[in-house]
Amino acid sequence: MRIAVILILAYFAFGALFIRYALPYFLFPPSSVTQPTEEIRNFSLSSSQMQVISRSYGVQGEPCLFFFPGQHGGVSRYENDLVSSPAFDTFNITIFSYPSQDGASGSVSNLEKLNDLLVPLALLTESKNSCSKLYIYGRSLGAMVAVSVSLSLNVDGIILESASESLASALRNKLNKNWYLSPYQILPIKLLLQQNYELEKLILEQKTGNILLVQGTADKVTPLKPIQSIAKQNHIGILEVENGNHESTFILAREQVSKTLKQWANRH
């Protein structure tokens, strides 16, 4: 009995320490480039432990769309599904790669330091691409990254797709997917996090009023209901994608997202 109690206590102690100190490594697992990339220009910035890369496609001087992918990166996928899509052919698109993903070296050791590295890279990329306007698109975990980075930029619009209401909420949903991790949900996750990125708070701090939340009605990873609540309470536009799950919403919403971006661009 005593051994069982010790093992249980050790299990939860490990979980608490992991959430407190090692979460970034868990959130951004390594991924490799599956084929040669096709960017016209690329830029990178590095710190002692992390490197971030921006890959740009399209004509300089056009409206720019900065895309922040989810936790698994996937530049090859987005070159095919975003850059090559006729719906976005009027934009100069940049895809960002996080440390350990898609050719970027190092690993994400600290979320605030990641943000501190992404902001100057975004500013550099905007300047080098001579962006006439700047729009931000973040999906899944990348939505949280994008809405944080955008606070330091002068953006003309923000698309947040398949987002979670907070980092704590995202972590709970992720833990729930694995039986051996699901007991960790009883831990005070919000208190253990060094910083709990809250979507609503970050949205309210934005300098632009052009914000669209995009959420699938069948998304079990980042459920629709909390995002509906944020949109309603703060009078923010929301696109509810019928039968969209966490993977398919990106494709199903593509045409409407493009239409919204072009409407924003034509207002000025």
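Summary of computed values
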| item | result |
| --- | --- |
| Gain on full stretching of the segment that runs from Ser32 to Leu181 - 0.36 nm per residue minus C-alpha separation | 51.1 nm |
| Cut-off under 5 Å, modelled amide H: who pairs with Ala163 long-range | Ser140, Val214 |
| Three-way shape label, the stretch 2-266, alpha-carbon gyration tensor, a/c 1.5 | prolate |
| Within the stretch 214-235, backbone nitrogen closer than 16 Å to the virtual label 7 Å beyond the Cα of Glu242 toward Cβ | 215-219 |
| DSSP-defined beta bridges in the stretch 2-266 - what % are antiparallel, rounded to 5 | 35 percent |
| Too-long pairs where the Cα-Cα distance tops 26 Å, listed order kept, from Lys232/Lys262; Lys201/Lys232; Lys128/Lys232; Lys113/Lys262; Lys190/Lys259 | Lys128/Lys232; Lys113/Lys262; Lys190/Lys259 |
| The stretch 165-263: C-alpha gyration tensor shape, a/c 1.5 cut-off, then a/b vs b/c | oblate |
| Centre separation in Å (Cα based) which lies between the stretch 227-241 and the stretch 14-37 | 30 Å |
| Linear extension gain, Ala218 paired with Ala22, 0.36 nm per residue minus alpha-carbon span | 67.5 nm |
| Filtered trypsin sites (Lys or Arg not before Pro), the stretch 140-248: DSSP coil and at most 14 other beta carbons within 10 Å | Lys177, Lys207, Lys220 |
| Over the chain: helical MRE at 222 nm, DSSP H runs n ≥ 4 each giving -39500 (n - 2.57), nearest 500 | -10500 deg cm²/dmol |
| Spin-label pair Arg77/Val5, simplified geometry with 7 Å Cα→Cβ offset, distance in nm | 4.6 nm |
| Whole-Å distance, taken between Cα centres, linking the stretch 83-110 and the stretch 158-175 | 19 Å |
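Bear in mind these aren't lab numbers, they're just calculated from the coordinates by the rules spelled out. Source: prediction; values computed, not measured. Cβ: placed from backbone, ideal geometry, glycine included. Neighbour counts: every protein chain shown.
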